[in-house]
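Enquirer: What follows is a structure written as structure tokens; I'll ask about it next.
The values are calculated or read from the model by the stated rules, or taken from the named source; none is laboratory data. Since this is a predicted model, take the numbers as computed values, not measurements. Backbone-built Cβ (ideal geometry, glycine too); neighbour counts: all protein chains shown. The protein model used for the area step is the full one, side chains on, heavy atoms only, and it has no ligands, DNA or RNA in it. Shrake-Rupley method; radii C 1.70, N 1.55, O 1.52, S 1.80 Å.
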Amino acid sequence: MPTTKNASPAAAASRRRSRRKAPPPRQPWCCSFGLDPLAAASRSPLPAPPRAKPPHAPPLSRRIRSPGRVSPIDDPFAGAAATSASARLSSVTECPPPPALPSTPPPAAIVERPRPRETMRLRLVEKGVTFEVEEVERVRRESRVLGKVLGRGGGGGEVAVEGKVEVEAVREVVEMMLEDEDEAASMRRLARGGIAHAIGVLGVSFSLTFDRGVNNCLKYLEAVPWNEHEEEKIKSLLSQHPSYGAASRNLLARLQPQNSTSSAELVSELIDSITKGTNNNARKELRTLVDGILSKTSIYIKGDKEVDKRSIYCICHSCLNCLVRLFQESMDLVPADQTVISVAKGPLERIYKQVEDLNWLLQILIERQMGEDFVDLWINEKTLSSMHEQVSPIVRYELSRISATIFIAMGSGKLHCTGAKRLSFVQAWFRPMLLDFGWLRRYPKGLNMTTLEEGIGQVLLTLPLKQQQVLFMEWFESFSGQGRECPNLMRAFQVWWRRSFVRSVGSS
């Protein structure tokens with residue numbers, strides 16, 4: 001009986017161990033997010049089979065420097081980085097459970113692997129993205145640079161693209177290489193991405209010498225409008241790749257002038273057209289446009305000869321002759337004692353237009369230091385100066401508006417006339433200014449009256465003291481009778497008095 005007691009627990013334990021089941025095999029997963037597949041196999045009870053090296057040689061590695069420069073890569077880890085970058089782009093898939101491995105697998109089953117397909121890797125250095133292309137032979141045919149780098153033999157390779165390149169632009173170029181599309185389909189493809197995207201595709205096509213892509217991009221960009229930023233990008237690309245001049249001829253026609261017309265001739269035509277216009281609102285807007293083009297800070301004209309002096313003075317002569325005729329007509333229509341404006345159109349409106357044009361032309365000449373000859377024209381207008389007192393003040397004060405522009409320019413040092421010329425101008429137009437100053441104050445039309453008073457005083461102080469005395473005494477008598485209807489020249493009068501009687505040169 002003791003023997004039976006001792007054997008019974010051992011037999012029971014043996015039966016419990018025989019009833020235990022072996023654990024089922026674990027189901028493996030294939031993941032391409034940088035996980036080592038040997039790590040999962042090491043955790044299973046079955047030993048991982050050894051991994052055989054691929055029989056082919058390591059891929060060729062070349063680098064394209066934008067635009068189109070090629071040099072070898074000396075980084076030994078470039079292939080590994082490209083492989084991991086490509087692995088991150090692939091998806092995660094579930095693998096079926098593998099069949100049960102025999103206890104002693106034959107060596108041929110472990111070593112033999114299918115031959116890898118021929119691929120090309122296009123790696124964007126700054127973006128850290130790699131594209132894999134399987135149709136290597138077609139890429140060789142489409143791109144001269146890639147065909148030269150990869151060679152004509154078998155096997156794939158890797159091309160590293162440096163510089164600021166957009167990922168979508170490279171993807172678009174690769175897809176265009178691999179697809180047979182007619183011109184209409186390519187235009188629709190580029191239109192979906194927009195102008196900025198097409199410019200990026202054009203830059204990549206230039207760098208890879210993808211002729212079909214370059215021609216499609218040039219045709220699309222020639223058919224659409226651009227803004228200034230896009231225009232500068234297109235100019236930069238075309239200047240970097242002059243070898244495509246024949247293909248970009250139509251595009252360059254929008255960027256380069258095809259005739260020999262100078263900007264000065266065109267400016268003269270624009271000014272002449274404005275002076276002959278009849279719509280006042282349109283003329284004001286066009287004058288603002290031309291002033292912006294001729295401004296010293298303008299981005300449109302940078303040359304020194306943007307204005308033809310002779311052409312501008314021809315227009316001035318034409319306006320002055322027209323002004324004389326209109327004044328002669330106004331002497332019959334408007335009595336000399338009329339002081340109320342009752343004529344809205346006709347000669348009066350045309351007089352205002354001509355004076356406005358002459359003042360505008362004078363400002364253009366003054367800004368370019370060409371206005372001294374206009375002073376001669378205004379001094380020699382004996383007909384206008386003689387008719388000044390014979391016409392109504394509502395008409396004649398427009399002449400003093402032109403004189404006011406000259407006074408301000410002389411007083412501020414923008415007009416550099418000789419002493420004799422300054423004296424002739426003052427003798428011809430100072431008295432009319434005293435008569436019309438009140439009308440100019442009531443209807444300034446943008447004229448700064450304080451600046452005008454300072455300009456008149458400064459011009460008088462540039463004359464000899466003997467002439468100053470005559471002119472200041474004339475102003476004194478006029479101011480005492482008309483008051484603020486005359487310009488306030490008291491400050492200039494005090495300077496003349498001090499120079500003449502208090503601190504004269506050479507006095508002890």
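Enquirer: Lys353: open to solvent by 30 Å² or more (accessible area, probe 1.4 Å) and either at pLDDT 95 or above or in a loop (DSSP other than H, G, I, E, B) (or both), yes or no? Talk me through it step by step, then tell me what you get.
Expert: Numbers: open to solvent by 30 Å² or more (accessible area, probe 1.4 Å): yes; either at pLDDT 95 or above or in a loop (DSSP other than H, G, I, E, B) (or both): no.
Against the criterion (open to solvent by 30 Å² or more (accessible area, probe 1.4 Å) and either at pLDDT 95 or above or in a loop (DSSP other than H, G, I, E, B) (or both)), Lys353 does not qualify.
Enquirer: Just to be sure before I move on: is Ser243 more than 21 Å from the chain's Cα centre (by Cα), at negative phi and free of Cβ contacts under 8 Å to residues at least 24 places away in the same chain in the structure I sent?
Expert: On the way: more than 21 Å from the chain's Cα centre (by Cα): yes; at negative phi: yes; free of Cβ contacts under 8 Å to residues at least 24 places away in the same chain: yes.
Yes; evaluated as a whole, the condition is true for this residue.
Enquirer: Can you name the number of the only condition in (1) under 25 Å from Arg396 (Cα atoms); (2) modelled with pLDDT under 90 that Leu365 fails?
Expert: Of the numbered conditions (1) under 25 Å from Arg396 (Cα atoms); (2) modelled with pLDDT under 90, the odd one out for Leu365 is (2).
Results for (1) open to solvent by less than 20 Å² (accessible area, probe 1.4 Å); (2) more than 28 Å from Thr278 (Cβ to Cβ); (3) among the charged types (D, E, K, R), shown as yes or no for each residue.
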| site | (1), (2), (3) |
| --- | --- |
| Glu367 | no, no, yes |
| Glu372 | no, yes, yes |
| Ser385 | no, yes, no |
| Ile394 | yes, no, no |
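Enquirer: Have a look at Glu485, Glu453, Glu474 and point out the one that is modelled with pLDDT of 95 or more, open to solvent by 30 Å² or more (accessible area, probe 1.4 Å) and within 18 Å of Asp436 (Cβ to Cβ).
Expert: Details: Glu485 fails: modelled with pLDDT of 95 or more; Glu453 fails: open to solvent by 30 Å² or more (accessible area, probe 1.4 Å).
On inspection, the qualifying residue turns out to be Glu474.
Enquirer: Right, here's the next one. Give the residue that is surrounded by the most Cβ atoms within 10 Å (Cβ to Cβ), with candidates limited to residues of region 133-157 that are charged (D, E, K, R) and at pLDDT 75 or above. So that I can check it myself, show each step before the final result.
Expert: Let us first name the residues in region 133-157 that are charged (D, E, K, R), namely 134-135, 137-138, 140-142, 144, 148, 152.
Filter again for at pLDDT 75 or above, leaving 135, 137-138, 140-142, 144, 148.
Details: Glu135: 15, Glu137: 13, Arg138: 14, Arg140: 18, Arg141: 11, Glu142: 21, Arg144: 14, Lys148: 13.
Only one residue fits best here, namely Glu142.
Enquirer: A further question follows. If I filter region 181-194 for residues that are open to solvent by less than 10 Å² (accessible area, probe 1.4 Å) and at pLDDT below 80, do I get at least one hit? Even if it seems obvious, please write down each step before you answer.
Expert: Keep residues of region 181-194 that are open to solvent by less than 10 Å² (accessible area, probe 1.4 Å), which gives 186, 190.
Checking which are at pLDDT below 80 leaves us with none.
Looking for residues that are open to solvent by less than 10 Å² (accessible area, probe 1.4 Å) and at pLDDT below 80, one finds none in region 181-194, hence no.
Enquirer: Return yes when Val111 is modelled with pLDDT under 75 and within 19 Å of Asp211 (Cα to Cα) and no when it is not. Working first, answer last.
Expert: On the way: modelled with pLDDT under 75: yes; within 19 Å of Asp211 (Cα to Cα): no.
For Val111, the condition - modelled with pLDDT under 75 and within 19 Å of Asp211 (Cα to Cα) - is not met.
Enquirer: Give the number of residues within region 282-294 that are of a type in the set (Val, Ile, Thr) and either touching a Cys at 6+ places or on another chain (Cβ under 7 Å) or surrounded by 12 or more Cβ atoms within 10 Å (Cβ to Cβ) (or both).
Expert: Within region 282-294, residues that are of a type in the set (Val, Ile, Thr) and either touching a Cys at 6+ places or on another chain (Cβ under 7 Å) or surrounded by 12 or more Cβ atoms within 10 Å (Cβ to Cβ) (or both) number 2.
Enquirer: Now a separate question. Quick check, is Thr130 polar (S, T, N, Q), modelled with pLDDT under 90, surrounded by 14 or more Cβ atoms within 10 Å (Cβ to Cβ) and within 22 Å of Ala247 (Cβ to Cβ)?
Expert: On the way: polar (S, T, N, Q): yes; modelled with pLDDT under 90: yes; surrounded by 14 or more Cβ atoms within 10 Å (Cβ to Cβ): yes; within 22 Å of Ala247 (Cβ to Cβ): no.
No: the conditions fail for Thr130.
Enquirer: Related question: Could you list, in sequence order, the residues of region 256-281 that are under 26 Å from Asn227 (Cβ atoms), open to solvent by 30 Å² or more (accessible area, probe 1.4 Å) and part of a helix (DSSP H, G or I)? So that I can check it myself, show each step before the final result.
Expert: First pass over region 256-281, keeping only residues under 26 Å from Asn227 (Cβ atoms): 256-259, 261, 263, 266-267, 270.
Checking which are open to solvent by 30 Å² or more (accessible area, probe 1.4 Å) leaves us with 256-259, 261, 263, 266, 270.
Scanning region 256-281 gives Ser263, Leu266, Leu270.
Enquirer: Specify the residue that is most open to solvent (accessible area, probe 1.4 Å); the eligible residues are those in region 202-236 that are free of Cβ contacts under 8 Å to residues at least 60 places away in the same chain and of a type in the set (S, T, N, Q).
Expert: The selected residue is Asn227.
Enquirer: Filter region 242-255 down to the residues that are at pLDDT 85 or above and assigned to a loop (DSSP other than H, G, I, E, B), then identify the one that is nearest to Asn215 (Cα to Cα).
Expert: Ser248
Enquirer: Test Val170 against the stated conditions and say whether it is touching a Leu at 6+ places or on another chain (Cβ under 9 Å), crowded, with 17+ Cβ neighbours inside 10 Å and not in a helix (DSSP H, G or I). Break it down stepwise before answering.
Expert: Details: touching a Leu at 6+ places or on another chain (Cβ under 9 Å): yes; crowded, with 17+ Cβ neighbours inside 10 Å: yes; not in a helix (DSSP H, G or I): no.
So Val170 does not fit the description; no.
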